[in-house]
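Participant: Let me begin by handing over the structure; questions about it come next.
No lab work stands behind these numbers, since they all come straight from the coordinates. Because the structure is predicted, anything quoted here is derived from the model rather than measured. Cβ atoms come from the backbone with ideal geometry, glycine included; neighbour counts cover every protein chain shown.
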Amino acid sequence: MMSKEEALALMQETLDSLTRSGTLKGEVKAEPDTILMGTGADGSLDSLGFVTFIMELEDRLSDSSGDDLAIVLTDIVGFDINSPILTAGVLADHLSSLTA
Amino acid sequence: MADTAENIPVAVITGSSRGLGRAMAEHFLAKGYAVAGCSRGDATIEHAAYHHTALDIGDEADVTAWAKSVRRNLKRADVVIANAGLARAALLLSMTPGEVLNDFMRVNFAGVFYTLREFSKVMMRGDGGRVIAISSTMVPLSQDGTAVYSATKAGVTSMTKVLARELAPQGITCNVIAPAMMRTDATAELAKDGDWEQRMLALQTFPRIIEMEEICHAADFLVSDKARSITGQVVYIGVVD
């Protein structure tokens, strides 16, 4: 099982990779309170950037776990599709549960 | 699914075992594309660059797994053609069972939604791309007995137009081809019903069977660089909207 800290580190690696490739407009810090999607989201992570981030994260998660894992937003505890705000901390908790 | 060289363009075509899907798959293979196709059953195309997956297009998990497989093995999706769909004889709306509604919504609408959702993500990782959804001239013709079919195809058109706006920043175009009557297994079945074929042809601006080759030519243009600024459009073939 991946710890929350390990999940945040994986997210940071993913974000840094996307920044280096020019997919993201600037650096994004994967800290627990960082808003990845919704009101208050980091300006470097637009909607298309968010989709790309999730796909890249899925690939890295699958590679590290050896399982073909998918991140489905509606499966995330603490994420409300009707008021969609996703923080890095909530996503990290979900990644931990996916790898449990 | 075998890997393919990363420099070969990949066309993803749903419903590629027969009818228009098969014709388009063979057309893109002849153009030098690798083709990832799907249908409920086994492959009907034998070609080194053809990669078939048997799945239920209305099943979200099936389509998601297929897109992942294409992304992992073929690495890219340059062209996506959402073609799979039902075309069956139906009743007047007042007599149409809910089961028919559900079948059409599942395959014609949800199937296209899952296809476009999953493969647009694959496409976003590349350098542009072309999405083509297959609709029907039954949408503007509003013919008796096509309430559910036409509604699902109208939904496909609206969905594709929204996607066109969403993917424009990525250099991806999304268009619709809406052909009039073609000679397919489905229309052959419908044509067994007396004068159905003649009645349908009489509604068309060009009252003749549309050849699949004509649709492939329209697709050729939409996937070409010449059409890089054309997005969110519907190309009707055989009728005036």
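Participant: Only Lys, Arg, Asp and Glu count, each charged at its Cβ (+1, +1, -1, -1), so figure out the dipole size of segment B:1-110 about its Cα centre, rounded to 20 debye.
Facilitator: 220 debye
Participant: Which residues does a label at A:Thr74 reach in segment B:99-121, if reach means a backbone N under 13 Å from a point 7 Å past the Cα toward the Cβ?
Facilitator: Zone members listed by number: B:114.
Participant: Which whole-number percent of Cα pairs in segment B:147-222 have a distance greater than 19 Å?
Facilitator: 52 percent
Participant: Now, a different point. What share of Cα pairs, in percent, lie more than 17 angstrom apart in segment A:59-100?
Facilitator: 31 percent
Participant: Counting only trypsin sites (Lys or Arg not before Pro) that are in a DSSP loop and have at most 14 other C-beta atoms within 10 Å, tell me the longest site-free stretch of chain A.
Facilitator: A:30-100
Participant: Could you grab the relative contact order for segment B:1-114? Cα pairs under 8 Å, six or more apart, rounded to a whole percent.
Facilitator: That works out to 29 percent.
Participant: Taking a spot 7 Å from the Cα of B:Leu91 along the direction of its beta carbon, which residues of segment B:182-208 have an amide N less than 16 Å from it?
Facilitator: Those under the cut-off are none; the list is empty.
Participant: Residue by residue through A:48-59, how many Cβ atoms from other chains fall within 10 Å of the Cβ on average?
Facilitator: Mean shielding count: 3.
Participant: Let me check I have the definition right: for chain A, take the eigenvalues of the Cα gyration tensor, multiply each by 5, take square roots. What are those semi-axes in whole Å, largest first?
Facilitator: Over the Cα atoms of chain A, the ellipsoid semi-axes are 19, 16, 12 Å.
Participant: I need the Debye-formula profile for the protein assembly as shown: one equal scatterer per C-alpha, no solvent, reported as log10 I(q)/I(0) at q = 0.09, 0.12, 0.13 1/Å, two decimals.
Facilitator: Log10 of I(q)/I(0), two decimals: -0.53, -0.89, -1.01.
Participant: Here is a further query. Can you pick out the pairs among A:Lys25/B:Lys75; B:Lys31/B:Lys68; B:Lys153/B:Lys192; A:Lys29/B:Lys75; B:Lys31/B:Lys192; A:Lys25/B:Lys153 whose Cα atoms lie more than 27 Å from each other?
Facilitator: Listed pairs above 27 Å: A:Lys29/B:Lys75; B:Lys31/B:Lys192; A:Lys25/B:Lys153.
Participant: I've got another one for you. In degrees from 0 to 90, rounded to the nearest 10, what is the angle of the helix B:111-124 Cα long axis to the longest principal axis of chain B?
Facilitator: 30 degrees
Participant: Could you tell me which residue out of B:Val234, A:Ala88, B:Ile8 lies farthest along the dipole of the protein assembly as shown toward its positive end? Charges go on the beta carbon: Lys and Arg +1, Asp and Glu -1, centred on the Cα centre.
Facilitator: Sorting the options by dipole projection puts first B:Val234.
Participant: Given +1 on the Cβ of Lys and Arg, -1 on the Cβ of Asp and Glu, and no further charges, what dipole in debye does segment B:63-126 carry about its Cα centre, rounded to the nearest 20?
Facilitator: Magnitude of the dipole: close to 540 debye.
Participant: While we're looking at this one, here's another question. Would you mind computing, in nm to one decimal, how far apart the modelled labels at B:Phe221 and A:Asp67 are, each placed 7 Å from Cα along Cα→Cβ?
Facilitator: 5.0 nm
Participant: Please give the peptides B:92-104, B:55-67, B:161-173 ranked by average Cβ packing (other Cβ atoms within 10 Å per residue), highest first, as a rough proxy for protection.
Facilitator: B:55-67, B:161-173, B:92-104
Participant: Average partner chain C-beta neighbours within 10 Å, per residue of B:22-30?
Facilitator: 0
Participant: In nm, to one decimal, how far is the modelled label at A:Asp46 from the one at B:Ser69, with both set 7 Å along Cα→Cβ?
Facilitator: In this crude spin-label approximation the distance works out to 3.5 nm.
Participant: Same structure, new question: Between helix B:212-223 and chain B, what is the angle of the helix's C-alpha long axis to the longest principal axis, kept within 0 to 90° and rounded to the nearest 10?
Facilitator: The helix B:212-223 is inclined about 50 degrees to chain B.
Participant: What share of Cα pairs, in percent, lie more than 30 angstrom apart in chain B?
Facilitator: So the pairs more than 30 Å apart make up 20 percent of the total in chain B.
Participant: Taking the Cα centre of chain B as the origin, how large is its charge dipole in debye, to the nearest 20, when only Lys and Arg (+1) and Asp and Glu (-1) carry charge on their Cβ atoms?
Facilitator: The dipole magnitude comes to about 640 debye.
Participant: Calculate the spin-label point distance for B:Asn7 paired with A:Ser83, positioning each point 7 Å from the Cα along the beta-carbon direction, and give it in nanometres.
Facilitator: In this crude spin-label approximation the distance works out to 5.4 nm.
Participant: Okay, moving on. Angle, helix B:60-73 long axis vs. longest principal axis of chain B, Cα atoms, 0 to 90°, nearest 10?
Facilitator: So the inclination is approximately 40 degrees.
Participant: To the nearest 500 deg cm²/dmol, what mean residue ellipticity at 222 nm is calculated for the protein assembly as shown from DSSP H runs of n ≥ 4 alone, each contributing -39,500 (n - 2.57), summed and divided by the residues?
Facilitator: It lands at -13000 deg cm²/dmol.
Participant: For B:Asp103, put the label point 7 Å out on the Cα→Cβ axis and report which residues of segment B:193-218 keep their amide N under 20 Å from it.
Facilitator: Residues passing the 20 Å test: B:193-194, B:196-197.
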